[in-house]
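Data first, discussion second: the structure below is written as structure tokens.
The values are calculated or read from the model by the stated rules, or taken from the named source; none is laboratory data. Owing to the predicted nature of the structure, the values given are computational and were not obtained by experimental measurement. Cβ placement follows ideal geometry from the backbone for every residue including glycine, while neighbour counts extend to all protein chains displayed. Note: areas computed on protein heavy atoms with side chains; ligands, DNA, RNA excluded. Shrake-Rupley method; radii C 1.70, N 1.55, O 1.52, S 1.80 Å.
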Amino acid sequence: MTEQVWTIKDVIQWSGNFLKTNGSESPRLDAELLLAHVLDCRRLDLYLDHHKPLLANEKKAYRELIKRRAAGEPVAYILGSKDFFGFSFQVSSETLIPRPDTELLVEKVLEHCSGDSALMGLDIGTGTGCIAISIKKHRPLAEVWAWDKSLGALAIARSNAARHGIEVRFEEVDALDPCSWQVAEDKFDFIVSNPPYIAPSERAELAVSVIKYEPEMALFAPENGLAFYQMMARHAASLLKQGGKIFLEIGYRQAHDVCSILDAHGWNDISAYCDLAGHQRVIVASRCSQ
């Protein structure tokens, strides 16, 4: 019996429907990204060659990836990379997957840093390094440091920096340890952070793909998700120059709490900025007088 011929168009249609019934929020996009990866082509090429039949080995390889996605594994982990701020970043199970919401955080830092200024900045909880590297890419005169507690994440971040030809000073630092805030040798013009901010009690609200695959250390924080903001509100000013600013990504329901924490510790000019969905997602504040 002749084996059924499956064209690119057939495969995308079938796998998109299959992923939809298995909980994917973007089934067609997932199907296209995975197929483009297997065929080593652009997504656009899938439409240009939509009548092209898949070879047996291509179907086999694609079937395995679709099974992984249907089981909940994020596409970024399957592909080993994720686009962020116009660049591709390597990801692994040691790192949080970069989110589009975090691009607003980078945009606010770049607005603060003019292109001809040699500012010093610190990225706390760098993960893949996507924030630090994106800032350095667009502000090459800036000196950027980056902290993370995870050695695995730091290895990925260093790999990403090398891949993009970017120099960032990566250091193993636990930001929840008060002693860590004494290690900096210099004062910074800005501090930026997308810290863990999900309360353990909110675990049931998260997608299975997040809970099952992304590192808990990069997701959850004590004190109802506010522990890192408490620590930075207390200690970050000691690392900033006069007039320095802090840029924080927050959970979409945390603006009031985080602003209150910063205000209680004497931070000035506290502002909240909304993402494209209208959620307050980034907080910017100025160093308090000392």
- Item | For the chain, alpha-carbon Rg relative to the globular expectation (2.2 N^0.38 Å, N residues) | 1.12
- Message: Along the Cα→Cβ direction, 7 angstrom out, place labels at E25 and A207. What is the inter-label distance in nm?
- Response: 0.5
- Note on the structure: The size of the Cβ-based charge dipole (Lys, Arg +1; Asp, Glu -1) of the chain about the Cα centre, to the nearest 20 debye, is 620
- Task: For the chain, report the accessible area per residue in Å² (1.4 Å probe, heavy atoms, rounded to an integer).
- Result: 49
- Message: Straight-line reach only, C-alpha to C-alpha below 28 angstrom: list the lysines that K241 could link to, leaving out same-chain residues fewer than 8 apart.
- Response: K108, K136, K137, K149, K187
- Only Lys, Arg (+1) and Asp, Glu (-1) charged, at Cβ; region 98-169 dipole about Cα centre in debye: 260
- region 24-77, accessible surface, carbon-and-sulfur percent (1.4 angstrom probe): 54
- Amide H to amide H under 5 Å from L240: which residues, 5+ apart in sequence or cross-chain, H placed 1.01 Å off N in plane? F188
- Task: Would you mind computing the Rg to Rh ratio of region 58-185 from its alpha-carbon coordinates, Kirkwood style for Rh?
- Result: 1.04
- Qualifying chymotrypsin sites (Phe, Trp or Tyr not before Pro) for region 162-262 [loop in DSSP, other Cβ within 10 Å: at most 16]: Y252
- Which of the lysines could a cross-linker bridge to K9, judged by Cα under 24 Å and excluding same-chain residues fewer than eight apart? K20, K52, K59, K60, K67
- Message: With 18 Å as the cut-off, how large is the P(r) tail for region 148-290, expressed as percent of Cα-Cα pairs?
- Response: 61
